[in-house]
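Student: Shown below is the structure under consideration.
The values are calculated or read from the model by the stated rules, or taken from the named source; none is laboratory data. Remember, it's a predicted structure, so these values are computed and weren't measured experimentally. All Cβ positions, even for glycine, are placed from backbone atoms using ideal geometry, and neighbour counts span all protein chains on display. For accessibility, only protein heavy atoms count, side chains too; no ligands or nucleic acids. Shrake-Rupley method; radii C 1.70, N 1.55, O 1.52, S 1.80 Å.
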Amino acid sequence: MSRLRRRLSVVCRGLTRLPVVLLLAGVVLLVGTPIVTGQLQEQQRSPGVVGPPARTGPQAGADALRSTIAKAQRRLVDVPKDWSTWAELGSAYVQQGRITGDPSYYPKADGALRRSLELESATNWKAMVGTAALANARHDFSAARDWGRRAEALNPHSGNVHGLLVDALTQLGDYDGARIQVQRMLDVEPGVAAFTRASYDFEQRGQVAAARDALNRALAQASSPADRAFCRYYLGELAFHNGDPQAALREYDAGLTADPTYQQLYAGRGKARAALGQSDDALADYARAVQALPLPELLIEYGDLLTVSGKADQARQQYDLVAAARQLSAANGISDHLTAATYLADHDQAAEALTEAQAEWSARRTVLTADALAWALHRNGRDAEALDYSLQATRLGWRNATFYYHRGVIRHALGDRDHAREDLSLAMTINPHFDVVQAPIARRLLDSLGGGG
């Protein structure tokens with residue numbers, strides 16, 4: 001275990017409003033005007049285990065981050081009470097933790113941001129933004145929301161402030177509040193970070209064409225290789241999760257052309273290649289991705305692909321790394337019951353899955369959490385309860401094959417064959433490759449119900 005932990009620890013401006021109108025799948029998105037006309041209405045999505053995370057904006061390149069950190073450290077040797085530089089250093093550590101997958105940067109970030117706030121607490125909105133970003137990274141979304149609100153009161157013209165609030169509110173299940181913050185971000189900084197967040201908002205509501213258009217708008221504004229790779233990655237994710245692995249593969253390849261160091265693109269390409277029957281290439285892509293970025297969700301995907309490829313011993317090694325990654329994350333202040341819940345439910349640990357899902361539901365009530373709780377309840381034979389949560393999971397209209405697969409299985413367990421067939425058919429229509437292990441199970445069950453087509 002110590003060897004696994006060593007590996008994981010090493011790797012693990014306001015703008016003028018523009019009179020631009022985007023017609024996105026019937027939704028009018030104006031930069032500088034409301035994101036939708038009329039009242040927001042609730043309408044009726046997992047990369048990896050549960051689903052794509054809220055888009056958190058473009059990634060700074062690793063070299064640029066290292067330069068920022070070194071420059072700040074030198075400055076603080078000469079001026080140790082420079083609270084603004086302490087805030088800059090803390091925020092850079094948060095970003096470094098994100099792009100490397102190494103949570104040991106987060107305690108460093110915490111120390112730098114606390115020092116900044118000790119030196120200046122009243123007007124220090126930059127440290128508040130960094131603290132909100134750190135809270136988001138650690139999955140303490142309530143704290144991220146609260147720090148974001150404090151920063152917003154001091155500087156409502158910062159797109160970064162609104163972006164952090166989008167992320168926190170989305171993860172807390174306040175989808176209407178998140179959409180308001182998306183619009184405010186578009187008002188003040190209509191760039192890559194704003195349009196990628198707008199895309200995620202649309203995707204969660206089932207507006208796939210709108211999501212794609214927003215990502216293409218972000219790509220058009222991307223000026224750095226890292227930003228272009230970021231946009232291509234999410235265009236690939238959108239294509240894959242809506243049943244087009246060939247289009248996804250093109251996007252992942254284009255992203256790697258822009259920035260071959262963007263490691264999640266290799267995992268994305270592996271996922272698309274697996275769906276296209278290119279198993280050896282898929283395994284090679286995943287091996288590269290998890291070597292550089294051993295995130296639990298990527299380790300799980302790689303382990304599952306190894307499982308279906310008949311490589312059980314290698315798969316077990318990846319699952320062992322999942323456990324080590326969770327321990328490392330917890331030691332550095334990260335709480336992620338959601339990924340654990342679905343992983344455990346899908347890997348024959350039903351009781352543990354339910355404990356994790358219930359813990360997550362008590363902290364935040366998102367559609368992703370509702371789906372995870374529904375699946376864990378089903379795995380524990382509590383299907384009547386599971387159905388209630390599964391219906392909550394689909395309330396936004398997200399075209400998420402996993403959601404409808406879970407609901408179909410739950411309904412089948414309750415004896416509702418007709419609705420089970422409808423849900424399973426919809427899951428396979430949305431994305432017949434949604435999961436290398438679960439999708440074949442869904443197909444067999446649908447065939448047994450006479451819905452194979």
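Student: Hey, does the stretch 403-414 have a residue that's in a loop (DSSP other than H, G, I, E, B), in contact with a helix residue (DSSP H, G or I) (Cβ under 7 Å, 6 or more places away or on another chain) and open to solvent by less than 30 Å² (accessible area, probe 1.4 Å)?
Tutor: Checked against the condition, which is being in a loop (DSSP other than H, G, I, E, B), in contact with a helix residue (DSSP H, G or I) (Cβ under 7 Å, 6 or more places away or on another chain) and open to solvent by less than 30 Å² (accessible area, probe 1.4 Å), the stretch 403-414 yields no hits at all.
Student: Could you say which residue among Ala353, Ala340, Ala384 is in contact with a helix residue (DSSP H, G or I) (Cβ under 7 Å, 6 or more places away or on another chain) and at pLDDT 95 or above?
Tutor: Ala353
Student: Read through the list (1) touching a Leu at 6+ places or on another chain (Cβ under 9 Å); (2) crowded, with 24+ Cβ neighbours inside 10 Å, then give the number of the only condition that Trp361 fails.
Tutor: It is condition (2) that Trp361 fails.
Student: If Val367 meets every condition in (1) crowded, with 19+ Cβ neighbours inside 10 Å; (2) β-branched (Val, Ile, Thr); (3) over 25 Å from Pro245 (Cα atoms) apart from one, which number is that one?
Tutor: (3) is the only condition that Val367 fails.
Student: Which of the residues that make up the stretch 136-147 are surrounded by 24 or more Cβ atoms within 10 Å (Cβ to Cβ) and over 12 Å from Val166 (Cα atoms)?
Tutor: Listed by number, the list holds a single entry, Trp147.
Student: Right, something else. Could you tell me how many of the residues in the stretch 296-317 are surrounded by 22 or more Cβ atoms within 10 Å (Cβ to Cβ) and touching a Pro at 6+ places or on another chain (Cβ under 9 Å)?
Tutor: 3
Student: Shifting gears a bit: Any residue that is closer than 18 Å to Gln171 by Cα, out of contact with any helix residue (DSSP H, G or I) (no Cβ under 6 Å at 6 or more places or on another chain) and outside any helix (DSSP H, G or I) - is there at least one of those in the stretch 139-146?
Tutor: Looking through the stretch 139-146, at least one residue is closer than 18 Å to Gln171 by Cα, out of contact with any helix residue (DSSP H, G or I) (no Cβ under 6 Å at 6 or more places or on another chain) and outside any helix (DSSP H, G or I).
Student: I need every pair where a residue in the stretch 423-441 that is acidic (Asp, Glu) has its Cβ under 6 Å from the Cβ of a residue that is buried (at least 17 other Cβ atoms within 10 Å of the Cβ), sequence separation at least 6 or different chains.
Tutor: Hits for this filter: Asp423/Tyr404; Asp423/Arg407; Asp423/Gly408.
Student: Would you mind stating whether Arg288 is closer than 22 Å to Gln438 by Cβ, open to solvent by 40 Å² or more (accessible area, probe 1.4 Å) and among the charged types (D, E, K, R)?
Tutor: no
Student: Please work out which residue is nearest to Gly236 (Cα to Cα), limiting yourself to the stretch 386-402 and to residues that are assigned to a helix (DSSP H, G or I) and either in contact with a Gly (Cβ under 6 Å, 6 or more places away or on another chain) or polar (S, T, N, Q) (or both).
Tutor: The residue in question is Thr402.
Student: Among the residues in the stretch 326-346, are any open to solvent by 50 Å² or more (accessible area, probe 1.4 Å) and over 26 Å from Gly97 (Cα atoms)?
Tutor: Checked the stretch 326-346: no residue is open to solvent by 50 Å² or more (accessible area, probe 1.4 Å) and over 26 Å from Gly97 (Cα atoms).
Student: For the stretch 97-111, how many residues are open to solvent by 10 Å² or more (accessible area, probe 1.4 Å), closer than 15 Å to Ser329 by Cα, in a helix (DSSP H, G or I) and not β-branched (Val, Ile, Thr)?
Tutor: Residues in the stretch 97-111 being open to solvent by 10 Å² or more (accessible area, probe 1.4 Å), closer than 15 Å to Ser329 by Cα, in a helix (DSSP H, G or I) and not β-branched (Val, Ile, Thr): 6 in total.
Student: Name the helices (runs of 4 or more DSSP H) wholly within the stretch 284-381 that hold at least 1 residues that are more than 21 Å from the chain's Cα centre (by Cα)?
Tutor: Here the list reads 296-308, 312-331, 350-363, 367-379.
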